[in-house]
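These notes are about the structure you will find just below.
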Amino acid sequence: MERIATTLLAAFIGLGFAGERTAVDSVDPTISVPARPIAVRGDDGRVHLSYELHVTDFDPNELRISRIEVLDGAGQNIGEFDEGALQGILHAFEIDYDRSLHYDSLGRAHAFHYAGGRGAVAYLWITVSDYSDVPARIEHRLTFSGPGGEETPEATIVTGGGMDVGVGHLAVLGGPPLRGGDWLAGQGPGMTPSAHRLSLIRLDGRLSIAARFAIDYVRLDEDGRRHTRDGDRNEDYHGYGADVLAIDDGVVAFATDGIPENTPGGARAVPLEIGTLGGNSVVLDIGAGLYAHYGHLQPGLDVKPGDHVRQGDVIGRLGNSGNSNEPHLHFQVSDSRSPYAVVGEGLPYVHRDFWWIGRCSDGTPVECERSGEDRKNNAIPLQNSVIRFPDQPPR
């Protein structure tokens, strides 16, 4: 799902607590972690925490965040982001006097001017070797420097944003959403925030990122190409029309059908609003408060609300509807049964079985490096991985 520039209709006050502060007394930033981090193993064999740190302040002083340190419960540093790393993960917002919160889509959050209220979201990605290395609790230490970026004895150090970490709270999906391969895990989870990860919005009084672990699956041929000919027809794309499968036994909570498909690279077939972003879509209730969201399907779904499905049942076909440039499957798991894929908190999940084939580059044209086939169990595909699911998923 493409990123959409969004105005967030609420002030950011009240999402966290003021941390302990040293040095410059005129500064009183607020630090919070709104969504509990949950550890998940990636297809690289390591375990990752993907979460957001929110920082706000209403002091008019000009300051810069020069360092963010992530600490475990014993105060030991388990992750550090200096100015170079912050350039890629720190994104600004501004709170106007009309109490609207505007997101800086350019990500220019490195310098804070705090005129009328200003702050940022840091999209953090912490990696450890195994689940046993995941701390039970984390806290954060932020260093603010002066306008020129220099750290002086007067630099402000703020600690806060304490939060428990979830281990063993994963959605373990019984089957894949697609058959076979090769599938590019586009805009997937990773150290560099994807457009999915950056889709922070406010709905129903809540700031959240429903697509935090979302993946756009695009089918590739053996040369890494997404389509034949010029790619100006949906039928040119290798993944177009592929069966989309129920990843587990469940009940169809919502199904949106009848939205016409887009022409690749052309204008959207329907106006984009919250009800059409996902195009033809299915929300599958898989129990335990978990909901699998499938987006951009072809019109003519195989299921309707209330249907009971079994793992591996065909629920629809890969298409190009809604907020989509080309045929692909948008897949995510969240805690919301809303028909809208932008509502709720995105949750990590793992597939029981798939093969990691290689990795592709960003940009156009896509360049892929294949490394044979490495079987993965209970892992999530990471950003730009090329994977293959079983041809005949277990039922």
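If the Cβ limit is 8 Å and pairs must be 6+ apart or interchain, which residue in region 26-51 that is at pLDDT 95 or above and surrounded by 21 or more Cβ atoms within 10 Å (Cβ to Cβ) pairs with which residue that is part of a loop (DSSP other than H, G, I, E, B) and of a type in the set (Lys, Arg)?
SER50/ARG197; SER50/ARG212; TYR51/ARG36
Which residue, of GLY279, GLY266, GLY306, is out of contact with any strand residue (DSSP E or B) (no Cβ under 9 Å at 6 or more places or on another chain) and free of Cβ contacts under 8 Å to residues at least 60 places away in the same chain? It would help to see each step written out before you state the result.
Working: GLY279 fails: out of contact with any strand residue (DSSP E or B) (no Cβ under 9 Å at 6 or more places or on another chain); GLY306 fails: out of contact with any strand residue (DSSP E or B) (no Cβ under 9 Å at 6 or more places or on another chain).
The conditions single out GLY266.
Only one of ALA11, ALA92 is in a strand (DSSP E or B), aliphatic (A, V, I, L, M) and at pLDDT below 90; which? Lay out the reasoning, then the answer.
Working: ALA11 fails: in a strand (DSSP E or B).
Unique residue meeting the criteria: ALA92.
Where in region 240-333 are the strands (runs of 3 or more DSSP E), entirely inside, with at least 1 residues that are of a type in the set (S, T, N, Q)? I'd like the intermediate steps shown before the answer.
Numbers: elements: 243-245, 250-256, 280-287, 290-297, 314-317.
Once the strands (runs of 3 or more DSSP E) in region 240-333 are filtered for at least 1 residues that are of a type in the set (S, T, N, Q), what remains is 250-256, 280-287.
Kindly provide the set of residues from region 187-229 that are closer than 20 Å to SER324 by Cα and of a type in the set (A, V, I, L, M, F, W, C), ordered by number.
If the condition is that a residue be closer than 20 Å to SER324 by Cα and of a type in the set (A, V, I, L, M, F, W, C), then ALA195, LEU198, LEU200, ILE201, ILE209, ALA210, ALA211, PHE213, ALA214, ILE215, VAL218, LEU220 are the ones that fit.
Select from region 352-395 the residues that are among the aliphatic types (A, V, I, L, M) and either assigned to a strand (DSSP E or B) or farther than 30 Å from GLY265 by Cβ (or both) and list them in ascending order. Working first, answer last.
Step one: filter region 352-395 for residues among the aliphatic types (A, V, I, L, M), giving 357, 366, 379-380, 382, 386-387.
Within region 352-395, ILE357, ALA379, ILE380, VAL386, ILE387 meet the criteria.
If the requirement is being over 24 Å from the mean Cα position of the chain (by Cα), farther than 23 Å from TRP183 by Cβ and modelled with pLDDT of 95 or more, which of these qualifies: ASP313, ASP257?
Working: ASP313 fails: farther than 23 Å from TRP183 by Cβ.
Among ASP313, ASP257, only ASP257 is over 24 Å from the mean Cα position of the chain (by Cα), farther than 23 Å from TRP183 by Cβ and modelled with pLDDT of 95 or more.
Among the numbered criteria (1) in a loop (DSSP other than H, G, I, E, B); (2) surrounded by 14 or more Cβ atoms within 10 Å (Cβ to Cβ); (3) at pLDDT 90 or above, which one does VAL70 miss?
(1)
Please go through region 160-201 and pick out each residue that is closer than 27 Å to ARG141 by Cβ, of a type outside the set (Gly, Ala, Ser) and either without any contact (Cβ under 8 Å) to a residue 60 or more places away in the chain or touching a Pro at 6+ places or on another chain (Cβ under 8 Å) (or both).
Within region 160-201, MET163, VAL165, PRO189, ARG197 qualify.
Picking from PRO339, PRO381, which residue would you name as being touching a Ser or Thr at 6+ places or on another chain (Cβ under 8 Å) and either crowded, with 17+ Cβ neighbours inside 10 Å or small (Gly, Ala, Ser) (or both)? Break it down stepwise before answering.
Details: PRO381 fails: touching a Ser or Thr at 6+ places or on another chain (Cβ under 8 Å).
Matching residue, one of PRO339, PRO381: PRO339.
The values are calculated or read from the model by the stated rules, or taken from the named source; none is laboratory data. For clarity, every value in this text was computed on a predicted model and none was experimentally measured. Counting neighbours? That spans all protein chains shown, and the Cβs are built from the backbone with ideal geometry, glycine included.
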